[in-house]
1. Conditions: (1) at pLDDT 95 or above; (2) surrounded by fewer than 21 Cβ atoms within 10 Å (Cβ to Cβ); (3) closer than 25 Å to residue 217 by Cβ. Residue 135 meets all but one. Number of the miss?
2. Go through the stretch 186-259 and tell me which strands (runs of 3 or more DSSP E), entirely inside it, have 1 or more residues that are modelled with pLDDT of 90 or more and either over 15 Å from the mean Cα position of the chain (by Cα) or surrounded by 12 or more Cβ atoms within 10 Å (Cβ to Cβ) (or both).
3. For the stretch 116-135, give me each residue that is in contact with a strand residue (DSSP E or B) (Cβ under 7 Å, 6 or more places away or on another chain) and outside any strand (DSSP E or B).
4. Hey, does the stretch 145-152 have a residue that's free of Cβ contacts under 8 Å to residues at least 60 places away in the same chain, touching a helix residue (DSSP H, G or I) at 6+ places or on another chain (Cβ under 8 Å), under 18 Å from residue 101 (Cβ atoms) and not in a strand (DSSP E or B)?
5. For the stretch 156-180, how many residues meet the condition of being farther than 18 Å from residue 98 by Cβ and out of contact with any strand residue (DSSP E or B) (no Cβ under 8 Å at 6 or more places or on another chain)?
6. For the list (1) closer than 23 Å to residue 3 by Cβ; (2) touching a helix residue (DSSP H, G or I) at 6+ places or on another chain (Cβ under 8 Å); (3) part of a loop (DSSP other than H, G, I, E, B), I need the number of the one condition that residue 113 fails.
């Protein structure tokens, strides 16, 4: 919970729910755990304001109400995040949990506050790996226009989540490919149609308005090939969808080898032909800089420029 956050694509975070179940990034073996929320909660578990156990989500009343009352930022500048200049305050809800996972009831933590949220000047971002549960909830609890539902997608096999997301009636839909663990093709049917289309049940079929891409950055981080990020960027530009490149993670494009060959899957045990003694022809290498340095020095540049777009 913070009125300020280091997450680049929002101003603030609020965690009425903390903890999560069923996430493919989470492992009880902390040496194999790729979930940053689990890492933080396991570090502070038992302290005031933190849940007793990560995989047993807890509701913390009062936090969402407090976020709703935060100062309106519409029209203001953000020197540290200029891409948000002039926008309303952007609040990411439940960055340390999933408010739609199987052990959480959104009717408890979200429903009572929807009227106050609708009257608020802020933008509220919801993100889930359980879009079928979000879709069922939203069918009975329509989201205000300032609540944007989104889903996490790690690889192409997760595309069923986008189909579920776009059946939710909302002013904006967004997609988080963070961490990106494989090449992803954005289907033409995922983009917003003009005029708007409706399903056979009369459900508004929206389209993606915003795509965020980031490489894995924690302990044991898996590489993100440059082709994957650049391919998604090109698809977004072609479709007129806002694209936000968050970070490379621990791996960056090889600065010695411009010829990186075909897209390479890190899980493929057959190493690509050696083309460069620095990256072995893969096109990326483990950065010699610390993650903190990467965040401020070329760690988020794609083709030499920032991509910090917002819908």
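1. Going through the list (1) at pLDDT 95 or above; (2) surrounded by fewer than 21 Cβ atoms within 10 Å (Cβ to Cβ); (3) closer than 25 Å to residue 217 by Cβ, residue 135 breaks only (3).
2. The strands (runs of 3 or more DSSP E) meeting that bar are 210-214, 242-247.
3. 117, 122, 129, 131, 134
4. no
5. 4
6. It is condition (3) that residue 113 fails.
The values are calculated or read from the model by the stated rules, or taken from the named source; none is laboratory data. Predicted model only: the values in this text are computed from it and were never measured. Note: ideal-geometry Cβ built from the backbone for every residue, glycine included; neighbour counts use all protein chains shown.
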